[in-house]
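Undergrad: I'd like to ask you about the structure that follows.
The values are calculated or read from the model by the stated rules, or taken from the named source; none is laboratory data. No experiment lies behind these values; they were computed from the predicted model shown. Reconstructed Cβ throughout: ideal geometry from the backbone, glycine too, with neighbour counts over all protein chains shown. These accessible areas exclude ligands, DNA and RNA; they are computed on the full protein's heavy atoms, side chains included. Shrake-Rupley method; radii C 1.70, N 1.55, O 1.52, S 1.80 Å.
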Amino acid sequence: MTYPKLLVKRDIVLKNVKALKKLTSENGVGVLYGVTKVFCADPELAQIYVEGGVDGLADSRIQNLKKLQNFDIDKILLRLPQHSEVDQVVRYADISLNSEISTLRKLNEAAGKAGCRHKVILMVDLGDLREGFFQEEDFYQAVEEVLKMDHLILEGIGTNLTCYGAVIPKPHILKRLDDYKQGVKDRFGYDLKIVSGGNSSSVYLLGKEKLPSINNLRLGETLIRGTESSYGQQLPGTNSKGWVLQAQIIEIKEKPSVPVEETGLDAFGHEPVFVDRGVRKRALIALGKQDIVNESLNPVDKDIIVLGGSSDHTILDISDCQKDYQVGDIVDFTLDYVGVLMTCTSEYVDVEII
Ligand SMILES: *Cc1c(COP(=O)(O)O)cnc(C)c1O
């Protein structure tokens, strides 16, 4: 057994995916993309998405999509392609999200060279201010040019919200996608197949609001933890506790809660603040900020207080615990979305699916 270890409870994640597949398809969203970047596209975990019924596997990074080649299902590149990777994009992604005409031209060339046709979804920025066409005319100009390209297929349009600007998707905002779809139909007589209405922050609208044209969502967090990300609500039939991080105790000692000499800056250059609780029993675990930030650690034993840490150590206050912890014992934490993302990215954390 090696630690730290991320335990993934397969049944829980599978149930989340199935619940979301049901909820989306009952509400007109027939095409569900499962977002794999949070677990670096580990194929064994992606397999759970596929079993749960996703219609495509989506990731921000081409290195991750490469790992998913053995799945006979659409692969979608979420981050706008870099000019430097267009050859790989047309090879490893069936569909990519785009907002730059220079990149679309390069993709067209690359697809021509590879002898394939690559599908593109054009992104429009509805106010969150990350990616996407902001001016309507720029968008329609790109549509016009892409429709003339021999090796690209204009698959649809999409938007992304609640990422940079934290804009919450509201019906009047998403309705602009209907207008864009209609605009493309009116101007070019072309029917867009996909209207992609966002990520886990759009899920709260399902079943509540009519979103006529939206037929696709790209979901990461909601599949992982069953939570929608606009308000953080748990969805019916889902469970957030499928991801448990385990770390081993390497020291237990009674120590004061405030450093004993004059203090300066901590290992990360910050001036630390201490709460004086007197002399306390502290446990040191072999897990640090190189694996996960403290804020994402949620001890399963509610009497544990996470005091802080440095790159490779986390310090816990275990004075109030019922359990008599010993050096060598394992401490469990449930994780938020960032916690899953960070621990999967840390090469020091082993992943075990149970
Ligand atoms: C990461 C990402 C998603 C998935 O976001 P979640 O909040 O995890 O559902 C969807 N679309 C794009 C473009 C992304 O980058």
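Undergrad: For the pairs Lys253/Lys302; Lys21/Lys185; Lys5/Lys37; Lys18/Lys323; Lys253/Lys323, note any where the Cα-Cα span goes beyond 27 Å. Can you show the working numbers first?
TA: Numbers: Lys253/Lys302 20 Å; Lys21/Lys185 29 Å; Lys5/Lys37 19 Å; Lys18/Lys323 37 Å; Lys253/Lys323 15 Å.
Over 27 Å apart, Cα to Cα: Lys21/Lys185; Lys18/Lys323.
Undergrad: Please give the Cα centre distance for the stretch 1-58 versus the stretch 320-354, rounded to the nearest Å.
TA: 21
Undergrad: Same structure again: Viscosity 1.567 mPa s, temperature 4 °C: what is the translational diffusion coefficient of the stretch 26-104 from Stokes-Einstein with a Kirkwood Rh over Cα pairs, rounded to a whole number of µm²/s?
TA: For these conditions, the coefficient is 101 µm²/s.
Undergrad: Measuring from label point to label point, each 7 Å out along Cα→Cβ, what is the Lys185 to Asp332 span in nm?
TA: 5.2
Undergrad: Beta carbons within 10 angstrom, averaged per residue: use that to sort the peptides 150-156, 99-105, highest first.
TA: In decreasing order of mean packing, 150-156, 99-105 become 150-156, 99-105.
Undergrad: Rounded to the nearest 0.05, what FRET efficiency is calculated for Ile353 and Lys255 with R0 set to 41 Å and r the Cβ-Cβ distance?
TA: Rounded to the nearest 0.05, the efficiency is 0.65.
Undergrad: While we're here: What distance in nm lies between label points placed 7 Å from Cα along the C-beta direction at Arg117 and His172?
TA: Placing both labels 7 Å along Cα→Cβ, they lie 4.0 nm apart.
Undergrad: Only helical DSSP H runs with n ≥ 4 go in: add -39500 (n - 2.57) per run for the chain, normalise by residue count and round the 222 nm mean residue ellipticity to 500 deg cm²/dmol.
TA: -8000 deg cm²/dmol
Undergrad: Using mean Cβ contacts within 10 Å as the protection proxy, how do 198-206, 310-318 order, highest first? Provide the component values of the computation, followed by the final result.
TA: On the way: 198-206: 24.6, 310-318: 17.6.
Top of the packing list down: 198-206, 310-318.
Undergrad: Can you tell which of Lys253, Lys21, Lys119 shows the greatest fluctuation in a Gaussian network model of the chain with Cα springs below 10 Å?
TA: Among Lys253, Lys21, Lys119, the largest mean-square fluctuation in the Gaussian network model of the chain belongs to Lys253.
Undergrad: In the chain, if the dipole is taken from +1 on Lys/Arg beta carbons and -1 on Asp/Glu beta carbons about the Cα centre, which of Gly269, Ala114, Leu6 is farthest to the positive end?
TA: Highest projection toward the positive end goes to Ala114.
Undergrad: Let me ask something else. List the lysines whose Cα lies under 19 Å from the Cα of Lys106, skipping any in the same chain that are fewer than 8 positions away.
TA: Output for Lys106: Lys119, Lys148.
Undergrad: Over the stretch 10-225, what is the relative contact order in percent, taking alpha-carbon pairs closer than 8 angstrom and at least six residues apart?
TA: Once normalised by length, the contact order is 20 percent.
Undergrad: What translational diffusion coefficient, in µm²/s and rounded to a whole number, does the Stokes-Einstein relation yield for the stretch 53-92 at 25 °C and a viscosity of 0.890 mPa s, taking the hydrodynamic radius as the Kirkwood radius over Cα pairs? Mind showing how you got there, number by number?
TA: On the way: Rh = 10.3 Å.
After rounding, the answer is 237 µm²/s.
Undergrad: So which DSSP H runs in the chain come out at 15 Å plus along the axis (Cα) with average Kyte-Doolittle of at least -0.5?
TA: Once both thresholds are applied, what remains is 10-25, 101-114.
Undergrad: On to the next question. Give the percent of DSSP beta bridges with both residues in the stretch 243-353 that are antiparallel, rounded to the nearest 5.
TA: Restricted to the stretch 243-353, the bridges split so that about 100 percent are antiparallel.
Undergrad: Ignoring ligands, DNA and RNA, please state the percent of accessible area on the chain from carbon and sulfur, probe 1.4 Å. It would help to have the intermediate numbers written out before the result.
TA: Working: 8090 of 16830 Å².
C and S atoms contribute 48 percent here.
Undergrad: Running a GNM on the chain with Cα contacts under 10 Å, which residue among Ala166, Ala93, Ala110 ends up with the highest mean-square fluctuation?
TA: Ala166
Undergrad: With equal scatterers on the alpha carbons only and no solvent term, can you work out the Debye log10 of I(q)/I(0) for the chain at 0.06, 0.12 1/Å?
TA: Log-scaled intensity ratios, in q order: -0.27, -0.90.
Undergrad: Separate question: Take every Cα-Cα distance within the stretch 203-327, group them into 5 Å bins from 0 onward, and report for each bin the whole-number percent of pairs it holds.
TA: 2, 8, 15, 16, 15, 11, 10, 8, 6, 5, 3, 1, 0
Undergrad: Hey, if you put +1 on the Cβ of every Lys and Arg and -1 on every Asp and Glu Cβ in the chain, which of Val340, Gln69, Cys163 ends up farthest toward the positive end of that dipole?
TA: Of Val340, Gln69, Cys163, it is Gln69.
Undergrad: Could you state the orientation-averaged shadow area of the convex hull built on the Cα atoms of the stretch 1-140, in nm² to one decimal?
TA: 10.9
Undergrad: Calculate the FRET efficiency for Lys281 and Arg61 from the Cβ-Cβ distance with a Förster distance of 51 Å, rounded to the nearest 0.05.
TA: Approximately 0.75, to the nearest 0.05.
Undergrad: Positive end of the dipole of the stretch 243-353, charges at C-beta (+1 Lys, Arg; -1 Asp, Glu), about the Cα centre: which of His313, Ser257, Trp243 has its Cα farthest in that direction?
TA: Ser257
Undergrad: Moving on. With the other protein chains left in place, how much accessible area per residue, in square angstrom, belongs to the chain at a 1.4 angstrom probe?
TA: 48
Undergrad: Calculate how many DSSP beta bridges within the chain are antiparallel, expressed in % of all such bridges and rounded to the nearest 5. If you can, show how the numbers build up before the last one.
TA: Working: 28 of 60 bridges.
Here the antiparallel bridges make up roughly 45 percent for the chain.
Undergrad: Still on this structure, I have one more. Between Lys302 and Gln322, what length in nm is gained on full extension when 0.36 nm per residue of separation is reduced by their alpha carbon distance?
TA: 6.2 nm
Undergrad: About the Cα centre, and with charges only on the beta carbon of Lys, Arg (+1) and Asp, Glu (-1), how big is the dipole of the stretch 243-353? Nearest 20 debye, please. Don't jump to the answer; show the numbers that get you there.
TA: Details: 9 positive and 21 negative charges, 50 e Å.
Value, rounded to 20: 240 debye.
Undergrad: I would also like to ask the following. Let me spell out the model: positive unit charges on the Cβ of Lys and Arg, negative unit charges on the Cβ of Asp and Glu, origin at the Cα centre of the stretch 10-225. What dipole size does that give, in debye rounded to 20?
TA: 500
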